[in-house]
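This report refers to the structure that appears directly beneath it.
Only the coordinates and a few stated rules stand behind these numbers; no lab work does. Every value quoted in this text rests on a predicted model; they were computed, and no experiment measured them. Please note: Cβ atoms are built from the backbone with ideal geometry, for glycine as well, and neighbour counts cover all protein chains shown.
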Amino acid sequence: MGWKISGVLYGSVLTGEFIPGRSDIDVAVVTMKRRSNRALMREVLGRVNPNKYDVRVFELLPLYVKAEVIKNYAVVFGDEGEVGEYFYFWRKLCRDFERRREKVTLEDLKAGRERLRRLCPPFKEIGHRRGLPSGGIERILI
């Protein structure tokens with residue numbers, strides 16, 4: 001397949017925590033596309049030694065792993081400027097996610113649960129009708 005891709009190193013090989021013979025080398029393949037990433041992942045997996053390399057398609061990584069890649073990476077092939085520009089979008093998204101995650105406390109969750117109970121009193125009935133366990137949505141929110 002004619003893929004236009006870039007590759008970046010991340011993880012222990014860049015943080016200084018790499019242990020030869022024990023650690024693998026983390027590589028993220030950056031496609032800058034939303035389609036066909038799963039097909040690329042299947043193609044790449046068939047060509048690398050999984051004991052030595054941990055190769056992932058960047059776009060398929062969970063957001064928290066993307067944040068780790070963006071914090072400390074080195075472009076090994078592809079256009080470094082393009083990758084940096086592409087990561088700018090993800091960096092903004094990750095910062096927004098971090099801010100939201102830091103602001104939510106247990107007290108916030110409890111207050112939200114109480115607001116839901118006040119605004120939507122028939123939660124028990126709705127949960128029961130949908131086959132949820134006794135206590136319905138209220139039980140899930142606890």
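Set the Förster radius R0 to 25 Å, insert the Cβ-Cβ distance between VAL65 and PHE18 as r into 1/(1 + (r/R0)^6), and round the FRET efficiency to 0.05. That gives a FRET efficiency of 0.90.
Could you calculate the contour length gain from SER36 to ASN72, that is, 0.36 nm times the residue separation minus the distance between their Cα atoms, to one decimal place in nm?
Values: separation 36, 0.36 × 36 = 12.96 nm, distance 2.59 nm.
Going from the current span to full extension adds 10.4 nm.
Legend: ranking of residues LEU61, LEU45, LEU40 from fewest to most surrounding C-beta atoms inside 10 Å; resulting order LEU45, LEU61, LEU40.
Fewest Cβ neighbours within 10 Å first, please rank VAL29, VAL75 accordingly. Working shown, then result.
Numbers: VAL29 22, VAL75 17.
Least to most surrounded, the residues fall as VAL75, VAL29.
Under 37 °C and 0.692 mPa s, how fast does segment 6-79 diffuse according to Stokes-Einstein, given a Kirkwood radius computed over C-alpha pairs? Answer in µm²/s, whole number. For the chosen part, D equals 258 µm²/s.
Add +1 for every Lys or Arg and -1 for every Asp or Glu among the other residues with Cβ under 15 Å from the Cβ of GLY78, and state the total.
On the way: positive: LYS4, LYS33; negative: GLU59, ASP79, GLU80, GLU82, GLU85.
Taking every Cβ under 15 Å from that of GLY78, the sum is -3.
The length gained by stretching the chain between ASP96 and GLU80 to full extension, at 0.36 nm per residue less their Cα-Cα distance, is 3.3 nm.
What net charge is computed for the residues neighbouring VAL65, neighbours being all others with C-beta under 13 Å from the C-beta of VAL65, Lys and Arg scored +1, Asp and Glu -1?
Working: positive: ARG56, LYS66, LYS71; negative: ASP26, ASP54, GLU59, GLU68.
Spelling it out: positives minus negatives among the neighbours equals -1.
Here segment 45-87 is treated as an ellipsoid with the same Cα gyration tensor; its semi-axes, largest first and in whole Å, are 20, 14, 9.
Here the relative contact order of segment 1-113, from alpha carbon pairs under 8 Å that lie six or more residues apart, stands at 30 percent.
What does the extension gain come out to for ALA111 and LEU45, with contour length at 0.36 nm per residue minus their alpha carbon separation? Working shown, then result.
On the way: separation 66, 0.36 × 66 = 23.76 nm, distance 4.60 nm.
Roughly 19.2 nm would be gained on extension.
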